[in-house]
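See below for the structure under consideration.
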Amino acid sequence: METISSRHTLNLIVLDIETENTGADIMKDNKQIISVQIGNDTHQELYYADSKEAQYALDRVKPRIASLISQGYTFAGYNIENFDIPLLKQFLGIEISESNMLELSRTDGVVRLKNKLGRRSLRVEEVFREFGINADHKRRMNEKAEQYKKRPDIKEQAQIAAAHLVESKRWSRDFSFKHALDKIAGGHAIFNAYNEFVQKGGSKDTLFYEYAIGDVICEFQLLKILNRNE
């Protein structure tokens, strides 16, 4: 388990990414990183793939992360170890060592919550809810995803993905279909919201911006709660 107090709390900052992924596999189906978010609950930075302004372009991320590491910052995130950091290396050539990373899902407070609920893993939305953190941005994106679940082409894509999951994971067909449909529809919703964000010139008044920055704010709020409870 990770303890936050051993990581110099004042030098912790949240790192989060969004990807283009309209498939069922959260790792294998990623086509590109579309945005990188860095910050806390008072200041956030968002860099994105289609920015027409150099200061927000993805090529700014590597030197920015290097600068923060040189200043003694550690990057925190929920599932950062198995998602964000590997994909940053794969797509942007950014390497972040274990000593510069804090995995929130392995902190004492989250592990205790898993044990209390009798669960091996928890989605970040569930953790936010259990700790009383308002994550309305998640609800709004989920509502957008529900619209995609009704589309015949999305259902067909999910059926194909479910057949592979039944064979490879030995999951039931119903569970496999629901899992695939959730991932595929969610991916389409996020990427569609991203395209709307780009069309509006990176406007903060868009669902994608609120969703991406919302994760940073909520994860930093979680970080502070976990630190208080240690």
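Taken together, the values in this text are just the output of simple stated rules run on the coordinates, not laboratory data. This structure is a prediction, so every number in the text was calculated from the model and none was measured.
Numbers at a glance
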quantity: Cα gyration tensor shape of the stretch 1-119, rounded if a/c is under 1.5, else prolate or oblate by comparing a/b with b/c; calculated: oblate
quantity: The stretch 118-182: relative contact order in percent, alpha carbon pairs under 8 Å with at least 6 residues between; calculated: 24
quantity: Cross-link pairs 31/224; 28/169; 116/144; 89/200 - those with Cα-Cα distance over 26 Å; calculated: 31/224; 116/144; 89/200
quantity: Partner lysines for residue 149 [C-alpha distance under 16 Å; skip if fewer than 8 residues away on the same chain]; calculated: 178, 183
quantity: Label of the coordinate-derived value, Cα Rg over 2.2 N^0.38 Å, listed as (i) 1.02; (ii) 0.95; (iii) 1.06; calculated: (i)
quantity: Relative contact order %, the chain, counting alpha carbon pairs below 8 Å whose residues are six or more apart; calculated: 29
quantity: Pairwise centroid distance, computed over Cα atoms, of the stretch 6-77 with the stretch 178-224, Å; calculated: 13
quantity: Amide H contacts of residue 44 (H built 1.01 Å from N, under 5 Å, at least 5 apart or other chain); calculated: none
quantity: Kyte-Doolittle at least 0.0, axis length at least 27 Å by Cα - qualifying DSSP helices, the chain; calculated: 207-229
